[in-house]
Amino acid sequence: MSTSVSEPQAAQAIRIADVCKNYGDYQVLKNINAEVARGEVVVICGPSGSGKSTLIRTVNRLEEINSGGISFEGQNIHAPMRGSELNKLRSRIGFVFQSFNLFPHLSVVENVSMSPIRVKGVAPDVAHDKALKLLDRVGLADKANSYPGQLSGGQQQRVAIARALAMEPPVMLFDEPTSALDPEMVGEVLSVMKSLAAEGMTMLCVTHEMGFARDVADRIWFIDAGEILETAPPEEFFKNPRHPRAQRFLADLRH
Amino acid sequence: MIQDFITIIQDYWLLLLIGQYPNGPLGGLANTLILSALAIAFAFPVSILMALARLSKWWFLRWPMTALVYVTRGVPLLMLILWCYFVIPLWTGADVPSFLIMLVTLVIYQGAFLSEVVRAGIVSLGQGQMDAARALGHGYMSAMRFVILPQALYNMIPSMISTFVSTIKDTTLGYVINVPDLTFAASQVNNQLLTQPFQVFLILAVVYYILCWSLTFVANSVERRIARRRAGPRNARLPAEAAPLKTITEQL
Ligand SMILES: Nc1ncnc2c1ncn2[C@@H]1O[C@H](COP(=O)(O)OP(=O)(O)OP(=O)(O)O)[C@@H](O)[C@H]1O
Ligand SMILES: [Mg+2]
């Protein structure tokens, strides 16, 4: 991890404070306040269109916000700053997309090693070896020289996870990593995520996989219409959700 | 008939090849090739810069470039050549060689056309690729260079070839401002012979055809090589992926 941070390390990995965001007149995020502790696994769930993707994309500033702030390891990522400074912060936040977004013109191992080389200035052979290790870890060592177009969805998403890990981020964000997958491929991606969680990675995941939430999450954030209505440990959330809309959401899921 | 062609070529091959050189300026086929190559070499990077300016979030880059592209695309090349021919010397106050005027005009004109192709190539990739690059810590330029442009330019290869071929054809218009190129040399030959315009201009047409055809051929094989490399060592998908590109290029 970085040793150059002069401020005292905050206890939270991520702190979202009074975040509001509008698309025109429409308010997508309404005064969001929440925290993710170091090593914590948080699952964000809620109905479609409730603002889950928008929220998670504001955490690494792929989306701008209208007011409030989000601190990542004590630094407000939405403060005015130079582009290079923002890029440095972003490179320390892993992001996994619903649609994988692998680079189709690069081989699998190049997908994983490119950013460490180009962004962090890691020596190519070092980055290459590291990429092979990460691919081995997600069970794809034999696909290193394939191209993304030759892989199944589940394999592509595992490469995407390895690509994010290659930057050695202390925090990983997932936006519905399994929603674009055929059912038989969901398990292989979830098991990679589980092993990450078991190693103590700080994770913020938007997902509809309630089994994963139950087994792996330390806390659930339930979000509806741009508001976090409930945050609770999974056993509590699933057994007796307090908010009526959370109750309805869970009832709908079961049917 | 055949004898006429052979005689013309025997008598005038040096004029057709290098113009009046070394007694006058370099001309003929040599000059056509140099002009085309320079125009293509400059139009390519210029088109990328124009496309990036048109996609810029800053209006002071976007607006003027959009206007330039629209005007350029909406005006016949001949008009543009004549404008540059009269306007550039006025601005610079210098006696600019017609070769240079033609080069500048071609670069602007083909750059504008190509920039629309580059822009479409970038836009068609969608937001996902840029998001992924940004999320990994790439800045805008780094994302463009390593993620967006390699893909956009690859997808553009067929359009680029057709633009390059039309650049070669467009050099012939330099004739109107006395650029000493192959067309200019051929019309000199025709003026001396007077009686054989058909033979002279057929030779001219054949040379241009061979030029354009060989460019298409080279570009096609480059394209195939990239497709093969990208499909990877076990390229089960190669035929399906390469086919559409090839059909487009072959229509040129
Ligand atoms: N670029 C945009 N412009 C305008 N409205 C948008 C834009 N992006 C999202 N929205 C709206 O904001 C709301 C929240 O969208 P968001 O994608 O965050 O929802 P979500 O919870 O991730 O939904 P899903 O489960 O379908 O992914 C939606 O109503 C959506 O229509
Ligand atoms: Mg979403």
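Criterion first (over 23 Å from the mean Cα position of the chain (by Cα) and part of a helix (DSSP H, G or I)) does residue B:133 satisfy it?
It is true that residue B:133 is over 23 Å from the mean Cα position of the chain (by Cα) and part of a helix (DSSP H, G or I).
Within region A:30-48, can you find the residues that are within 16 Å of ligand 2 (Cβ to nearest atom), surrounded by 20 or more Cβ atoms within 10 Å (Cβ to Cβ) and either over 14 Å from the mean Cα position of the chain (by Cα) or among the acidic types (Asp, Glu) (or both)?
A:32, A:46 - these are the residues of region A:30-48 that are within 16 Å of ligand 2 (Cβ to nearest atom), surrounded by 20 or more Cβ atoms within 10 Å (Cβ to Cβ) and either over 14 Å from the mean Cα position of the chain (by Cα) or among the acidic types (Asp, Glu) (or both).
Taking interchain pairs and intrachain pairs at least six residues apart, which have beta carbon atoms under 6 angstrom, with the first residue in region A:104-131 and under 21 Å from residue B:130 (Cβ atoms) and at pLDDT below 95 and the second open to solvent by 60 Å² or more (accessible area, probe 1.4 Å) and β-branched (Val, Ile, Thr)?
If the second residue must be open to solvent by 60 Å² or more (accessible area, probe 1.4 Å) and β-branched (Val, Ile, Thr), no pairs are left.
Please work out which residue is modelled with the highest pLDDT, limiting yourself to region A:142-154 and to residues that are among the polar types (S, T, N, Q) and open to solvent by 40 Å² or more (accessible area, probe 1.4 Å).
Result: A:145.
Condition check: more than 11 Å from chain B (Cβ to nearest Cβ), open to solvent by 10 Å² or more (accessible area, probe 1.4 Å) and within 21 Å of residue A:201 (Cα to Cα). Does residue A:130 satisfy that?
Taking the combined requirement at face value, the residue satisfies it.
Report yes if residue A:229 is away from chain B (no Cβ under 14 Å), within 15 Å of ligand 1 (Cβ to nearest atom) and surrounded by fewer than 16 Cβ atoms within 10 Å (Cβ to Cβ), otherwise no.
No, not satisfied.
Could you list, in sequence order, the residues of region A:15-48 that are outside any strand (DSSP E or B), closer than 25 Å to residue A:233 by Cβ and within 15 Å of ligand 1 (Cβ to nearest atom)?
Initially, region A:15-48 is screened for residues outside any strand (DSSP E or B), giving A:24-25, A:38-40, A:46-48.
Adding the requirement that they be closer than 25 Å to residue A:233 by Cβ leaves A:38-40, A:46-48.
Answer for region A:15-48, where residues must be outside any strand (DSSP E or B), closer than 25 Å to residue A:233 by Cβ and within 15 Å of ligand 1 (Cβ to nearest atom): A:46, A:47, A:48.
If you scan region B:98-149, which residues turn out to be of a type in the set (D, E, K, R) and either open to solvent by less than 20 Å² (accessible area, probe 1.4 Å) or under 19 Å from residue B:161 (Cα atoms) (or both)?
Matches in region B:98-149: B:116, B:119, B:131.
Does residue A:139 satisfy the criteria of being open to solvent by 10 Å² or more (accessible area, probe 1.4 Å), within 12 Å of chain B (Cβ to nearest Cβ) and more than 30 Å from residue A:50 (Cβ to Cβ)?
Values: open to solvent by 10 Å² or more (accessible area, probe 1.4 Å): yes; within 12 Å of chain B (Cβ to nearest Cβ): no; more than 30 Å from residue A:50 (Cβ to Cβ): yes.
Here the answer is no, as residue A:139 does not meet what is asked.
Check region B:122-130 and report whether any residue there is farther than 30 Å from residue A:164 by Cα and either touching a Leu at 6+ places or on another chain (Cβ under 8 Å) or in contact (Cβ under 8 Å) with a residue 12 or more places away in the chain (or both).
Filtering region B:122-130 down to residues farther than 30 Å from residue A:164 by Cα leaves none.
Looking through region B:122-130, none of the residues is farther than 30 Å from residue A:164 by Cα and either touching a Leu at 6+ places or on another chain (Cβ under 8 Å) or in contact (Cβ under 8 Å) with a residue 12 or more places away in the chain (or both).
Can you name every residue in region A:49-96 that is among the acidic types (Asp, Glu) and either within 16 Å of ligand 2 (Cβ to nearest atom) or free of Cβ contacts under 8 Å to residues at least 40 places away in the same chain (or both)? Walk me through it before giving the result.
Taking region A:49-96 as the starting set, the residues that turn out to be among the acidic types (Asp, Glu) are A:63-64, A:73, A:85.
Of everything in region A:49-96, those that are among the acidic types (Asp, Glu) and either within 16 Å of ligand 2 (Cβ to nearest atom) or free of Cβ contacts under 8 Å to residues at least 40 places away in the same chain (or both) turn out to be A:63, A:85.
Inside region B:1-114, counting only helices (runs of 4 or more DSSP H) that do not spill past its ends, which hold 2 or more residues that are within 16 Å of residue B:172 (Cα to Cα) and within 18 Å of the chain's Cα centre (by Cα)?
Output list reads B:28-54, B:77-92.
Among the numbered criteria (1) within 29 Å of residue B:79 (Cα to Cα); (2) β-branched (Val, Ile, Thr); (3) open to solvent by 40 Å² or more (accessible area, probe 1.4 Å), which one does residue B:167 miss?
Residue B:167 satisfies every listed condition except (3).
Given (1) open to solvent by 10 Å² or more (accessible area, probe 1.4 Å); (2) within 26 Å of residue A:41 (Cβ to Cβ); (3) away from every other protein chain (no Cβ under 11 Å), identify the lone condition not met by residue A:175.
Status for residue A:175: all satisfied but (3).
Which residues, taken from region A:95-121, are more than 21 Å from residue A:32 (Cα to Cα), at the interface with another protein chain (Cβ under 8 Å from one of its Cβ atoms), crowded, with 21+ Cβ neighbours inside 10 Å and under 18 Å from the mean Cα position of the chain (by Cα)?
Scanning region A:95-121 gives A:97, A:101, A:102, A:115.
Scan region A:79-88 for residues that are more than 8 Å from every other protein chain (Cβ to nearest Cβ) and in a helix (DSSP H, G or I) and jot them down.
Matches in region A:79-88: A:85, A:86.
In region A:205-255, what count of residues is obtained for those that are within 16 Å of ligand 2 (Cβ to nearest atom) and among the hydroxyl-bearing types (Ser, Thr, Tyr)?
1
Restricting to region B:108-138, name every residue that is within 7 Å of chain A (Cβ to nearest Cβ) and under 20 Å from residue B:42 (Cα atoms).
Hits for region B:108-138: nothing passes.
Tell me yes or no: at least one residue of region A:49-67 is open to solvent by less than 30 Å² (accessible area, probe 1.4 Å) and assigned to a strand (DSSP E or B).
Scanning region A:49-67, I find no residue that is open to solvent by less than 30 Å² (accessible area, probe 1.4 Å) and assigned to a strand (DSSP E or B), so the answer is no.
The values are calculated or read from the model by the stated rules, or taken from the named source; none is laboratory data. It should be emphasised that the depicted structure is a prediction, and the values quoted were computed from it without experimental measurement. In this analysis, Cβ positions are derived from the backbone assuming ideal geometry, glycine residues included, and neighbour counts consider all displayed protein chains. Please note that ligands, DNA and RNA were not included when accessible areas were found on the heavy atoms of the full protein model with its side chains. Shrake-Rupley method; radii C 1.70, N 1.55, O 1.52, S 1.80 Å.
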